Amino acid sequence: KESKAMEDVCSAHLSGGHYEYGNMALPDQATFIIEDTSFLNAEFEANHHCAVGITGVLCMPQYLMHNVKFKKNGGNWLWFQNWVREDHSYTQVSGGIFSLSPPNAAVVMAQGRLEDSLFPDGYVSVVSSTFLYLLDHPDDACIRASDISDEIGSRYNGSKGGAILCKVPLRSLKIYTRNLLAGNSPSDLKVDAWFNSSTNSNPDATQNIRYHQSGPDNISFKQGYSIPVIPGAENKYRLSLVNDGDILKDWVIEFNDPVIGYRWDEEWITLEVKGRNCAGNGLVSSQHDRRFIWSGDEFLNDSVWDSDGNAIHGACVASGNQPDDMPSKSCTTVQFDGVEPLQCPELCVSKCNDNSFCDCGTAQCFCKPGFGGDDCAVDLCAAARCSSNGTCAAKYLGPGASSLLPVTSQNACVCEDGFSGTLCDRNPCKDVTCDGSGVCFAQGLDTVCRCDDGYSGSNCEISCDGLCTGSYPYNCNPNIPDIVKYGCNSGGGCNYLKDGEEFGNPNDWCVFKQTGNADTCSCSNSNQCQVLGSCNDDGTCPEPTDLEDGYPCNSVPWGICKSGKCVAAPRTCNEDGTASFLKKVKTSSTGDQTAKLKTCTWLSKRKPAARRRFCRSATIFEGHLPAKDICPVSCKACVPCVENGSSRFFLKTKKKNGVQIAVQKSCDWLSTRKESKQDKVCAKTAGGFGFSPAREVCVVQC
């Protein structure tokens, strides 16, 4: 509901992820950075829960998209709040700014194009239609989304009042107030704007901003005004009350966010505040002083004001000298490759092994994500067998896993974009170019090209240029509700088909646009040992095809496909010395890749360290499997009976000093017991105190 910048003031809030079919309920207040992340048929919600009770602040966060890919077939792409959930009407919940990161925006503003952008070509930011002053920019930098087309209008807040798209970045300008009461009907804030170094006496644009208060009177301290502004020293904003009154002395002003300058480049704005003299002729940096604003867990620390109640921190102070900007910092040395556990190896008495890390808070060794057991030797991901194009789901679940069960299920491996299959080893679109005029989508092992506007054909090889009049959209309407296929001909005619309709004579028409599911169907099959192909001609789903016997599946631990079903692999530990496994993939100087294979006999003769290195590989290439799957004896990876001798199980409880405690034993201890004792211990099905029974931990002995 509320968030701040990461402690290192560089890292993104969401990084390296993939989200499908859901609502991204984003928080208020922060510059919330999303990078290297893809979204499929999802939607963004600004200011989730802002001004519901006392949650949220001024409802004007900045959401920055850096190398983000967004795909959605129709429907709403993002939306802003439009309801009042307080016991008063002084809320501005429709705030929030979506914008491309500075480097991504620079590409678009230089007439470049970003593939699968959240924004239409040429646009880099969007806000709700509340902020109409943006439409008065003399260069027409901003426009109502619905004025571009009905389809574009429906994407952005279409059902909640519409949105404004801009060809320039937008940033937040916030004014924090105190001791105001909604019941006293506070004055609006008047914002005058001059763009492009204008010297006109009258502003280019003006907007009155309503007072905002999160929570009821005499309880909330989250109050003030906020507005999206266009950064740049050439853009001047003047703040006053609607009656041209002075800005109150205790109001604290904040422009933008220093994370912008830390990660990318410093940004500026020229600010004039009625009743104050802003330092530097009003030139305000994104790195300006904001000490004691969001200090620790506090919203505004009392040190923001002096003893007379004057605001002495922020972008333009009411009294005294302007404080220094925030300390400088460079993010160039920070690696944005996801969140790793914070480690403090110097705090742990004993050195943590490769599968664990020293936790800074407890000074103890915790297992890294994907590992378990007392010494973190149990690889929870071994059964998943994900290829190099996928990541075991346990890697995302945080450190210190309490369960020692292997990671299985249909979603055991999280695939990289473009890859599919139980192990993320299939990419049907790898070599499908769609003639450079479309995007390939996988349907099972088959592919279908979704063509760019102006092209058609199974491989998007057909252009309507020369076949129809003029150029796209060939004097036809390219945006009509419920139309899925658009046709044109050399005589200037246009033809529009709804779903299920066909052209009378297909040879008379060139298809210049398709939308919706005209050539695709949406089918699902939870059976990992079956795959669906392309849709039937009538748009229905095809019958599934069984995958080859022996193909790995994760519905059961260490499963393999047999006759279209996932079954447990035979409990044998044999290997063929002449069988070949994938040692590595070699890449030639021309970029060609070939598999280098070795036999199990060769592997068995390697030194233990080298053997472990080969056995850890999970790479699958052109059907060649890694050593752990081909040479289970040499890799000590018998399927599925693998155990670690030091792993501990629950044996029983006993009283110590009047308190019940758990008696734990190791698999090595169990291996030294008599057979009758082993049978008795292995027959127990109950665990306790966070430990599993022997039958689940010591599968070899049991």
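The values are calculated or read from the model by the stated rules, or taken from the named source; none is laboratory data. Note that the coordinates shown come from a computational prediction; the quantities given were computed from them, not determined experimentally. Virtual Cβ from ideal backbone geometry, glycine too; neighbours counted across all protein chains shown. Only protein heavy atoms, including side chains, enter the accessible area calculation; ligands, DNA and RNA are left aside. Shrake-Rupley method; radii C 1.70, N 1.55, O 1.52, S 1.80 Å.
In this structure, is Phe621 in contact (Cβ under 8 Å) with a residue 12 or more places away in the chain and in contact with a helix residue (DSSP H, G or I) (Cβ under 7 Å, 6 or more places away or on another chain)?
It is false that Phe621 is in contact (Cβ under 8 Å) with a residue 12 or more places away in the chain and in contact with a helix residue (DSSP H, G or I) (Cβ under 7 Å, 6 or more places away or on another chain).
Which one is modelled with the lowest pLDDT among residues in the range 20-39 that are surrounded by fewer than 16 Cβ atoms within 10 Å (Cβ to Cβ) and part of a strand (DSSP E or B)?
Glu20
Among the residues of the range 79-136, how many are crowded, with 18+ Cβ neighbours inside 10 Å, closer than 25 Å to Asp188 by Cβ and in contact with a helix residue (DSSP H, G or I) (Cβ under 9 Å, 6 or more places away or on another chain)?
7
Ala595 passes all but one of (1) at pLDDT 85 or above; (2) surrounded by 15 or more Cβ atoms within 10 Å (Cβ to Cβ); (3) not in a strand (DSSP E or B); which number fails?
(3)
Of all residues in the range 259-308 being closer than 23 Å to Lys190 by Cβ and assigned to a loop (DSSP other than H, G, I, E, B), which is least open to solvent (accessible area, probe 1.4 Å)?
My answer is His288.
List pairs: first in the range 197-214 and within 19 Å of Glu234 (Cα to Cα) and surrounded by 11 or more Cβ atoms within 10 Å (Cβ to Cβ), second of a type in the set (Ser, Thr, Tyr) and modelled with pLDDT under 95, Cβ under 6 Å, 6+ apart or cross-chain?
Asp204/Ser198
For the subset of the range 424-451 comprising residues that are open to solvent by less than 70 Å² (accessible area, probe 1.4 Å) and of a type in the set (D, E, K, R), which member is farthest from Leu547 (Cα to Cα)?
Arg450
Among the residues of the range 164-171, are any surrounded by fewer than 23 Cβ atoms within 10 Å (Cβ to Cβ) and farther than 30 Å from Lys72 by Cβ?
No, that holds for no residue.
Under the condition of being open to solvent by 80 Å² or more (accessible area, probe 1.4 Å) and without any contact (Cβ under 8 Å) to a residue 40 or more places away in the chain, which residue from the range 685-701 is nearest to Ser646 (Cα to Cα)?
The selected residue is Arg695.
Can we say Ser534 is under 27 Å from Phe70 (Cα atoms), free of Cβ contacts under 8 Å to residues at least 12 places away in the same chain and open to solvent by 30 Å² or more (accessible area, probe 1.4 Å)?
no
If you check Asn196 against the conditions, is it more than 30 Å from Asp147 (Cα to Cα) and not β-branched (Val, Ile, Thr)?
no
Pick out the one residue from Ala610, Ala662, Ala686 that is part of a strand (DSSP E or B) and among the aliphatic types (A, V, I, L, M).
Ala662
Part of a loop (DSSP other than H, G, I, E, B) and under 30 Å from Asp150 (Cβ atoms): is that true of Val52 in this structure?
No; evaluated as a whole, the condition is false for this residue.
Any idea how many residues of the range 240-258 are polar (S, T, N, Q), part of a loop (DSSP other than H, G, I, E, B) and open to solvent by less than 70 Å² (accessible area, probe 1.4 Å)?
Number satisfying all stated conditions: 1.
Can you pull out every residue in the range 480-510 that is closer than 13 Å to Cys464 by Cβ, among the hydroxyl-bearing types (Ser, Thr, Tyr) and either open to solvent by 30 Å² or more (accessible area, probe 1.4 Å) or not in a strand (DSSP E or B) (or both)?
Ser490
Could you tell me how many of the residues in the range 221-230 are open to solvent by 20 Å² or more (accessible area, probe 1.4 Å) and either without any contact (Cβ under 8 Å) to a residue 40 or more places away in the chain or not basic (Lys, Arg) (or both)?
Residues meeting the conditions: 1.
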